[in-house]
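The values are calculated or read from the model by the stated rules, or taken from the named source; none is laboratory data. Every value quoted in this text rests on a predicted model; they were computed, and no experiment measured them. Glycine gets a Cβ as well: all are built from the backbone with ideal geometry, and neighbour counts include every protein chain shown. The accessibility values were calculated without ligands, DNA or RNA, using every heavy atom of the protein model including side chains. Shrake-Rupley method; radii C 1.70, N 1.55, O 1.52, S 1.80 Å.
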Amino acid sequence: MPAKITYLLPNLESGGTERQVLMLGRRLNRARFSPSLLTTAGGGSLYKDFFDVMPVTVLGGDPTRSKRFRSSPREHFRTIRRLAGEFRRTRPDILHAYLPSSNVLGPIAAKIGGVTRVIVSKRGLADYKKNFYFLPRLVEPLGNRLADRILVNSDAVMRDVERTERNWEGKFRKIYNGVAPIPVWTEEERQAFLARKGIPAGTRVILSVSNFYPYKGHAELVEAAGRVIAAFPHVVFLLVGRDAGTLEECRRLAREKGVEGNVRFLGSRTDVPDLLRACDLFVHPSREEGFSNAILEAMAAGKAVVACDVGGNPEAVEDGRTGVLVPPRDPGLLAKAILGRLTDPAGTNEMGDAGRRRAGDQFTVEGMVRQFEELYDFLLEWKR
């Protein structure tokens, strides 16, 4: 009988972690593993995608919409009780929790509900703890203690956990994010796509993909865009991502800089692979990053990357070979790096080709899934 793997997420809004779990769930060997999904704070825009892949149980809300997770102890205890009840009912062999609140509440509920194998996944740097809910922040090391393995997606995240948390000794396992190859377009296909999007021929296209959280550095990108546009009037910046607090501020900044005609805010999109194929350069201005799926996807599409030298970015981007790394929070140096790539199209294409090869060698979906399956097999045998 296939082993039951239950994934635990706060919600199902579109984000890098959620899409990685979805990618993993689609590819797990069903002869060996039977995945299911639980959420603690409602659903979200990816609910149907997950529902098509595995059984989904949404606690506390509309399946198609997430809700703000309340930080009161009463709400936490209620969530733990409901999770423990689900675990007693479904009897998973492994609980695999993702993201901070689930990494705390999930292991506690697993202990109560009789789940004997628990994995917690750390995918971001510790800066989130500055504004994190008090109770989970206080008891976060308890989640580590109750877990059998602490999964990280980069050396940078592992170092950060070592620095800021307890109860991790001997439990780390690193598995890099995986990315599927993105087929290359011919120049004719690329120009046809840009024409459909109202982008004139001869325009240089710069793409950035990340939700508008404060730490993602969109303000610096808009500032840098003003300097780039002054030197390259025929350039357009395409910013993809849902509003997570800073979208309107960035719109206002673009208007103040007089670049609203060259900076387009596209919101959430389902055609990101096409946008990657169509762009000339990918830019990721985030001030902190565990390990960026967006960067990996750009590399898989054969695009040079300009990114900030933070977190796990140097583990993906080889500075000077597959892209350019710059200090965070510096619009001037960000603009300089972008201009350097625009003025050297041949070198930029070489960087993109090197990035594609690196993604195909180091960050494949198949390799990622194989390592997850090996981890699950180990835990199943270890605690049999």
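Brief remarks follow.
- The GNM of the chain, with springs linking C-alpha atoms under 10 angstrom apart, assigns the highest mean-square fluctuation among D160, D280, D52 to D52.
- Taken about its Cα centre, the stretch 1-61 carries a charge dipole of about 320 debye when Lys and Arg each add +1 at the Cβ and Asp and Glu each add -1 at the Cβ.
- If you plug the beta carbon distance of I112 and F378 into 1/(1 + (r/R0)^6) with R0 = 22 Å, you get a FRET efficiency near 0.35.
- With every protein chain in place, the chain: carbon and sulfur % of accessible area (1.4 Å): 50
- Overall form of the stretch 185-249 per C-alpha gyration tensor (a/c, 1.5; a/b vs b/c): oblate
- The dipole here belongs to the chain: it is taken about the Cα centre, uses +1 on the Cβ of Lys and Arg and -1 on the Cβ of Asp and Glu, and is about 1600 debye.
- Degrees separating the helix 134-146 axis from the principal Cα axis of the chain, which is the longest one: 70
- Seen through its C-alpha gyration tensor, with square-root eigenvalues sorted a ≥ b ≥ c, the stretch 261-317 comes out prolate because a/c lies at 1.5 or above while a/b is bigger than b/c.
- Placing +1 on each Lys and Arg Cβ and -1 on each Asp and Glu Cβ, with no other charges, gives the stretch 190-266 a dipole about its Cα centre of roughly 340 debye.
- Interchain or long-range residues, amide H under 5 Å from F33's placed H: A3
- Taking the convex hull of the alpha carbon positions in the stretch 243-384 and averaging its projected area over all directions gives 10.8 nm².
- Calculated SAXS-style log₁₀ I(q)/I(0) at q = 0.15, 0.21, 0.22, 0.24 Å⁻¹ - the stretch 1-73, Debye, Cα scatterers: -0.47, -0.83, -0.89, -1.02
- When the chain is treated as a GNM with alpha-carbon contacts under 10 Å, the residue of G143, G170, G42 showing the greatest mean-square fluctuation is G170.
- Judged by the ratio a/c of the largest to the smallest principal axis of the C-alpha gyration tensor, the stretch 152-296 counts as oblate, that ratio being 1.5 or greater while a/b is no larger than b/c.
- The chain: calculated mean residue ellipticity at 222 nm from DSSP helix runs of at least 4, using -39500 (n - 2.57): -14000 deg cm²/dmol
- Protein heavy-atom accessible surface, 1.4 Å probe, per residue over the stretch 187-291: 42 Å².
- Taken along the Cα-to-beta-carbon direction at a fixed 7 Å, the label points for D309 and S72 span 4.8 nm.
- On Cα atoms only, tilt of 100-113 relative to the major axis of the chain in degrees: 20
- Alpha carbon centroid spacing (whole Å) that separates the stretch 208-275 from the stretch 324-361: 18
- Interchain or long-range residues, amide H under 5 Å from A304's placed H: F282, G352
- Computed from the C-alpha gyration tensor, the three semi-axes of the ellipsoid equivalent to the chain are 38, 22, 19 Å, from longest to shortest.
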